[in-house]
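Engineer: Before anything else, here's the structure in question.
What follows is calculated from the coordinates using simple rules that are stated; it is not laboratory data. The model shown is predicted, which means the values in this text are computed figures rather than measured ones. With ideal geometry, Cβ positions are generated from the backbone for all residues, glycine too; neighbour counts draw on all protein chains shown.
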Ligand SMILES: [Zn+2]
């Protein structure tokens, strides 16, 4: 390292702001260079001199009292000051309003993006289950086999419906992981279309009515019912997927009554 470079970096070096390599290069240079060592010593002694108590300034004893009385005079309301004060209040209130609007908008978009994030995970899981040829952990068309299979694997018991009479055959179930929690995935089949139905306990109060959306060409419908969140995804057309949702909801109604 040259003297020129050392002089440029010496303050950073003394303040401990340089990385290890540069610091070592400077130390190496200081060992051999008398001029730069003197400069470094000069900066060090200047620094300790500034820290010396003799250079500190103690304010006069009555400064605080004088400041307080000056502030007191300022705060006495005269007609002019009242106007000024109202302006400040108005400005403050507009600021509060602006902050509230930003907060509300951020809240709306925040919620939307959470829903979108889950939808994204649902589609990914659906595609993965078809790709990896691992669509079911428990391949069974019997709801009384599929439902108990989840015992001990989840902290809830997913409702499993048999809709084979209506043309949606149950193919089985599997464990999945959506929105940072383990969920139940129930697999149905309509002709050659696989349907993944994801179920987990709902955190949404009040319950959400059916909401349909399309992600990456797949139809999705979500809803909540009896404390459970449901997401269904398939390449099946929306009308038939809605029919599937309708049948599920009718079956849970029937079970409740
Ligand atoms: Zn030097």
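Engineer: Take the range 23-38 and flag every residue that is more than 8 Å from the ligand (Cβ to nearest atom), touching a residue at least 12 places away in the same chain (Cβ under 8 Å) and either surrounded by 15 or more Cβ atoms within 10 Å (Cβ to Cβ) or not in a helix (DSSP H, G or I) (or both).
Structural biologist: Listed by number, the residues that qualify are 25, 26.
Engineer: Here is a check on your reading of the model: is residue 220 part of a helix (DSSP H, G or I) and either touching a residue at least 60 places away in the same chain (Cβ under 8 Å) or under 20 Å from residue 115 (Cβ atoms) (or both)?
Structural biologist: Details: part of a helix (DSSP H, G or I): no; either touching a residue at least 60 places away in the same chain (Cβ under 8 Å) or under 20 Å from residue 115 (Cβ atoms) (or both): yes.
No, not satisfied.
Engineer: Please go through the range 129-147 and give me each residue that is outside any loop (DSSP other than H, G, I, E, B) and either touching a residue at least 24 places away in the same chain (Cβ under 8 Å) or within 12 Å of residue 184 (Cα to Cα) (or both), ordered by number. Steps first, answer last, please.
Structural biologist: Initially, the range 129-147 is screened for residues outside any loop (DSSP other than H, G, I, E, B), giving 129-131, 138-139, 143-147.
Residues satisfying the conditions are 129, 130, 138, 139, 143, 146, 147.
Engineer: Okay, moving on. State the number of residues belonging to the range 12-22 that are away from the ligand (no atom under 13 Å from the Cβ), in contact with a helix residue (DSSP H, G or I) (Cβ under 7 Å, 6 or more places away or on another chain) and under 21 Å from residue 45 (Cα atoms).
Structural biologist: Total meeting the criteria: 2.
Engineer: Given the criterion in contact with a helix residue (DSSP H, G or I) (Cβ under 8 Å, 6 or more places away or on another chain) and closer than 21 Å to residue 123 by Cα, identify the matching residue among 233, 245. Write out each step before concluding.
Structural biologist: Values: 245 fails: in contact with a helix residue (DSSP H, G or I) (Cβ under 8 Å, 6 or more places away or on another chain).
So the residue among 233, 245 that is in contact with a helix residue (DSSP H, G or I) (Cβ under 8 Å, 6 or more places away or on another chain) and closer than 21 Å to residue 123 by Cα is 233.
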